[in-house]
Structures are given as structure tokens and as C-alpha cells.
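Values in this text are rule-based calculations from the coordinates and carry no lab data. The structure displayed is predicted, hence computed values, not measured ones. Cβ: placed from backbone, ideal geometry, glycine included. Neighbour counts: every protein chain shown.
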């Protein structure tokens, strides 16, 4: 009997013993607390989405909402749409991206591939860190002082884009930098071993490897700047008309439309504000989906 | 492969953007609300359209609704011509005008000499004086919420006492004496005032000082000096706070009284109670006198507020369009004249629906003379 059990017994005691009840209790307690924290974090988000959709979704179902401006309507008249604001939001966001993305990606490439611990790289990293902490109103006032007061240019959508560039560059630099860092050095070394110059290695090997992540970072940054309110309040005037010219005249955008229409206290104003909120959320969702689609299409095949 | 794919995706985005930008339109037909947009103008005048396509104006939020009506009329009279108005407050309006950023400034008070606004504006107009044109008048309502009471009359004197805390109960003898037949409850009065700096507060306090027969001992100014009650942000905030409470009272523009469906007190300036509305306010403006020189039409508010003309509701907010008498470039001058002409004529038709008072005839004539003189 005893010999049989001795034989059955494993030679060494198992690494993981039966968990005693105190530890199991602690585990369960921790699980509950973490789950609870998750729910608390989720609650405001879900609540916000439900409120916005419940109050605003019916207004965006109208075709006019997406194709017309509010021109010729007073704040007591229903109808019209927010096309002028959608155009403004897209123009400002995209112009900002066109300026900010190349600069930010080049800065990140410099930091990771060329600068590595040089004094200049440290200074750049420090500056980017400070820039990422700048509140949007400060960026807006800086551009106002520079663009409008000093250079004497008119307020315009382009000035808004410039302020958004200041907010976007640090975000994109940071994400791109992290993503370039995780590209394995073996890939670079293999390329060098084949005699490929450094710039070609970066363009053909490093960036494509990190591309999908970079694109995700860019779309997130665009989504962030599109919702910014401070720059549009300071740097461009409101209008109910469609304006395709980013360099002159007032141009509306969804956050600006919401702050302006909030002054209208009747149900027409409420409809416009909630509708614009839903529209902004939808546009940002589309951008995020587009980002993940592009990043999936551009990601490298791993066999 | 890797290079081609993002290119095709970018192509799709570009195509989508083009499709989106192709179908936008400024052409609207008003639905719901009122039919004022399509109504035939009562006071049509020949307007010379032309000049700058998109005018820019900024200022007082109290005239936002009126400017919307004017812009709609301008678009009908002069198709493809626009005016964009940013309702960011009187202070911002004056500042942006004197900085030369906007073509027209909107303000609840005329340019002030003491603050250097007159000189700054003259500098903006290439050393020509800027004119204050009182184009938008709106009565200010003394709105209240008191269960069971929908008909309340106040005199300026009692109003001044309420807003400075001397009368603190709804059944105070001062109130019951002028409201015979109304049973007023033994409830505390909660005064709601504008917590932010505001032209409405400034005008309201000026009114109490001018008409209150000495009952208002505090100063005027953009901050409320009554020393009682609760502050609320903006007219919208005041309207919300009045509607949410019981026994509350506050001062807000007529359009907010209408939008929030609040009760407003009648004002008895000595010759009978007059209800808040276009008629009473128009009677008051008719008797208004000017203290500006020539075409600079600054209203003598003290005289207006202290008047006790029968049938007049003197608690009126006069808001100005601030323009250059000369010194615009020719294109801008032409468009400014066209817009103001439309605003003073065709645009007036829709004003009553928007919570403002159409201009009396004599006043309109004065304004049109001034507008025609802009060069």
C-alpha cells in the first residue's frame, strides 16, 4: 500500500499547490474591486452616449441636416442643417493633419533613428513634453498673438489649424516615437548587412513595420483636435453660411456651432446643439473606424 | 503592395470628401416656428446690393436673434450676400471692431469716451468718427415664478426695492398696494441676477436709478450691485433659474421670456400698468430723445427710462450697431450700407416674432439718413 502511493506520488511536489482559502478570498475580492472600478469608469461614458443619442439622434436622421447650412433661418425656426459646420470641422482638422503629421513623423524618426541620446534629441524630447502639456486655450492665444496681432493676418480657419498643429504635434511625435522604438533592431541590422543605406532602411523597413500603429496614432490625434473648442472661439468667427475658403472669412465648426447655439434657449436651439453633438461623435467614430481599416490594410502580413 | 494600398484608401477618402463637398447648400426654407421669413416686407426700400460678399460682425448676444432675422432678409433682398455674426458679447464686439477685425460691431451700450473706445474706433476708421446706430430694440422683462400668480404689476420704485432687498416678501404691503385683487402668498422673494458682466444688467440698473424715484441707491454698471439674491450665468441661466424656482424674480430679454414661457410683470410708471410686449416698447422708443450729434444716434437713456408716457413700457434695451462714418474700403462700405438698409426696412418685419421691437417710423427715417451718409 505505502509503496504503491509512494510510486504514484510525483517525484517533486507540484510547483502550484492547492490555493488556500485566504488567498482565494483575496483573489475574489480583488476581482470584484477591479470589475467594480471598470464599471465606474464605464458608467459616465455609457451614460453620456445614451443621453446624447437620445436627445440628438432624431435630428440627424433628416437628409437636410447633412446637406444644408443654417443660412436664412432664425433661432425660432426649425430646419436647415449643419453642413457648414461639418465642412469647417473637416477642413480645420485635415489642414492641421497635413501640416502636423509630416513634421511630427520626421521629428520622431530623428529622435529614434538619428538623434539617440544626443543633446539636441534631449532638448527636442523636453520641448515636446512641454508642448503636450500646453492647454488648448494657451495655444489658441499664442497663435492669435502671432498670427493676428503681430503678423496682421485676419482671423481664419487656417489660424485655427495652426493652433491645432501645436496640439497635434506632441501627440503624434510621442506615439510614433514609441512605435519606432519597438521595431526590432534585428530588422535594421539585417538591412545594413545587405548593404542598404540608412535612409532606405528607415523608409522601406522601419516605417512600414510601424505603419499601422502610426496611422492609429494619427487618427486618434485628429479625433482629439476636431473636438477642440478653445481655438475656434478665439481664432475664427461664427457663421451660418458655408465657407470653403480656409484663409478668409468666418467658418463654422461643430464645437463653435454648439457654443453659439447654446445661447438659444428654446427647443430649436436645443435640437441644434444635441444634433451637432451627435454629428461630432459620429464623425469622430467614422475617423476611428477609417483609421483601424487603413491600419489593417497597411499592416505587414505575418505568416 | 504596401505602398499601393494606402494610396487606394486615400483615393476613396478623397472621393468621399469631394462627394460631400459637392452637395452642400445654403438654400433653406424655414419650417415650423413662424412664417416670418417668407412674409412680404412691410417697409420695403430700394437697396443697392453689391460690394463685399461676406460681411463680418461680432458683439452683443442680446441682438443675436435680430441679426439672424436681418441676415435672412438680406439674403432674400440681395441673393448670395451674407453677414456672419458671432454673438460673443458687447465687450468683444467693440474690441474686434476697433481692432479692425470685424466690419460692424454690436454693443449694448454706445462707445464710451472715458474708456477710450471713441478714439480707438476713430483710429480704426482712418481718423473718421465711428457712429452708434441703435438698430435693435428689445424690451427687458421682469420675469417671475410664483405659484398661482400670473398677473402682477410693479412700479419702478417697488422693483428697485425688490432688487435691492428692501422688499423681501411677496405679500409686502408695497406690492399688495399696487396689486389689489391678487392674493399674494407669504413667501420670500428670491432675486435672480446676471452673475456675469452684462449690458442687460447695466441697462436695468440705469433704469432703476432713473425711474426708481430714489429707491435705487446703488450704482449702475455691468455688474449687479443690488446685494441680494443669486447670480446665474447669461440670460439663459437667469431664465432657467427663474423657471426652476418658486418665488423667484429676475430681469431677462423678452425673447427669453417667450422661449421659456415665463410670466412677466406689468410696469406701472405712473400712468397705468403696461404689459411686456412690442406695443408698449414701441411707444416708449417713439418718445426717446437722442443725445448724439448728427448721425451718431446715441439714445438718451435717462430720459427714456424716466418717462411716464401712457401706454409705454420704458424698460427697453437699446443695442447699437457700431460702424465707421467713413474709412471703409469702397467694397465694404457698399455692403455695410446695403445690409443696414435692409435691416432697417425689410428686416423689421420679422422682429416681433423674434422678441424685438420694430423701429418706429421717425426713428427709421433718422437711421436711414445716417446709413445713407456712410461713405
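According to a simple spin-label model (label point 7 Å from Cα along Cα-to-Cβ), what is the distance in nm between residue B:76 and residue A:190? A separation of 7.3 nm, rounded to one decimal place. In the stretch B:57-136, the alpha-carbon atoms span a convex hull of 91 Å³ per residue. Computed from label points 7 Å out along Cα-Cβ, the spacing between residue B:25 and residue A:270 is 3.0 nm.
With bins 10 Å wide beginning at 0, the percent of Cα pairs of the stretch B:41-92 falling in each bin runs 24, 48, 26, 2.
With a ≥ b ≥ c taken as the square roots of the eigenvalues of the C-alpha gyration tensor of the stretch A:170-303, please select rounded if a/c is under 1.5 and otherwise prolate if a/b is larger than b/c or oblate if it is not? The shape class here is prolate.
Of the DSSP beta bridges with both residues in the stretch B:139-284, give the percent that are antiparallel, rounding to the nearest 5. Before the final figure, lay out each step's value.
On the way: 11 of 19 bridges.
Bridges in the stretch B:139-284 are about 60 percent antiparallel.
If each residue's Cβ is checked for other Cβ atoms within 10 Å, how do B:246, B:186, B:202 rank with the fewest at the top?
Values: B:246 11, B:186 8, B:202 21.
The order, fewest Cβ neighbours first, is B:186, B:246, B:202.
Counted over chain B, the DSSP beta bridges are approximately 60% antiparallel. For the stretch A:1-117, rounded, prolate or oblate, judged on the Cα gyration tensor with a ≥ b ≥ c (square roots of eigenvalues), a/c < 1.5 rounded, else prolate if a/b > b/c? Cα axes put the stretch A:1-117 in the oblate bin. If the segment from residue B:219 to residue B:196 were pulled out straight at 0.36 nm per residue, it would be longer than the present Cα-Cα gap by 6.7 nm. In chain A, Cα pairs under 8 Å separated by at least six residues give a relative contact order of 25 percent.
So what's Rg/Rh here for the stretch A:79-168, counting alpha carbon atoms and using the Kirkwood radius for Rh? Numbers along the way, then the final one.
Working: Rg = 16.1 Å, Rh = 14.8 Å.
Dividing the radius of gyration by the Kirkwood radius yields 1.09.
Counting DSSP beta bridges with both partners in the protein assembly as shown, what percentage is antiparallel, nearest 5? Write out the running numbers ahead of the final one.
On the way: 26 of 43 bridges.
Expressed as a percentage, antiparallel bridges in the protein assembly as shown total about 60.
Figure legend: label point modelled 7 angstrom from the Cα of residue A:288 along Cα→Cβ; residues of the stretch A:204-229 with amide N under 14 Å from it are A:216-227. Dimensions of chain B based on its C-alpha atoms, expressed as ranges along the principal axes with the largest first, amount to 83, 58, 41 Å. Taking Cα atoms only, the orientation of helix B:361-372 departs from the longest principal axis of chain B by about 30 degrees. By other beta-carbon atoms within 10 Å, ranking B:254, B:170, A:66 with the fewest at the front produces A:66, B:170, B:254. To the nearest µm²/s, what D does Stokes-Einstein give for the stretch B:117-196 at 4 °C and 1.567 mPa s, using the Kirkwood radius over alpha carbon pairs as Rh? It diffuses with D of about 81 µm²/s by this estimate. Between residue A:98 and residue A:299, the FRET efficiency estimated from the beta carbon spacing at R0 = 30 angstrom works out to 0.80.
For chain A, modelled as a GNM whose springs connect Cα atoms under 10 angstrom apart, the maximal fluctuation among A:262, A:155, A:119 occurs at A:119.
Just round it to a whole percent: the fraction of Cα-Cα distances in the protein assembly as shown exceeding 32 Å. Kindly include the intermediate steps, with their values, before the conclusion.
On the way: 137140 of 229503 pairs.
Value for the protein assembly as shown (Cα pairs over 32 Å): 60 percent.
Dividing the helix sum by the residues of chain B, where each DSSP H run of 4 or more adds -39500 (n - 2.57), gives a mean residue ellipticity at 222 nm of -11000 deg cm²/dmol. The three principal axes of the C-alpha atoms in the stretch A:67-302 carry coordinate ranges of 72, 43, 26 Å, sorted with the longest axis first. Of A:95, A:143, A:182, the sequence from fewest to most neighbouring Cβ atoms within 10 angstrom is A:182, A:95, A:143. Between helix A:119-132 and chain A there is an angle of about 60 degrees, using the helix long axis and the longest principal axis of the Cα atoms. Based on alpha-carbon atoms, the Kirkwood radius and the radius of gyration of the stretch B:266-344 give Rg/Rh equal to 1.12. Label point of residue A:131 set 7 angstrom out along Cα-Cβ; within the stretch A:188-229, amide nitrogens under 16 Å from it belong to A:218, A:221-222, A:225.
Residue separation times 0.36 nm, minus the C-alpha to C-alpha distance between residue A:25 and residue A:50: what's the value? Mind dumping the intermediate values first?
On the way: separation 25, 0.36 × 25 = 9.00 nm, distance 3.61 nm.
Extending this stretch completely gives an extra 5.4 nm.
In the frame of its principal axes, the stretch A:216-262 has Cα extents of 33, 26, 17 Å, reported largest first.
Axis angle, to the nearest 10 degrees, between helix A:21-60 and the longest C-alpha principal axis of chain A: 20 degrees. Per residue of chain A, the DSSP helices (runs of n ≥ 4 H) give a summed -39500 (n - 2.57) that works out to -22500 deg cm²/dmol at 222 nm.
In terms of the Cα gyration tensor, with a ≥ b ≥ c the square roots of its eigenvalues, is the stretch B:139-284 rounded because a/c is under 1.5, prolate because a/b exceeds b/c, or oblate? If you can, show how the numbers build up before the last one.
Working: a/c = 1.17, a/b = 1.12, b/c = 1.04.
In terms of gyration-tensor shape, rounded.
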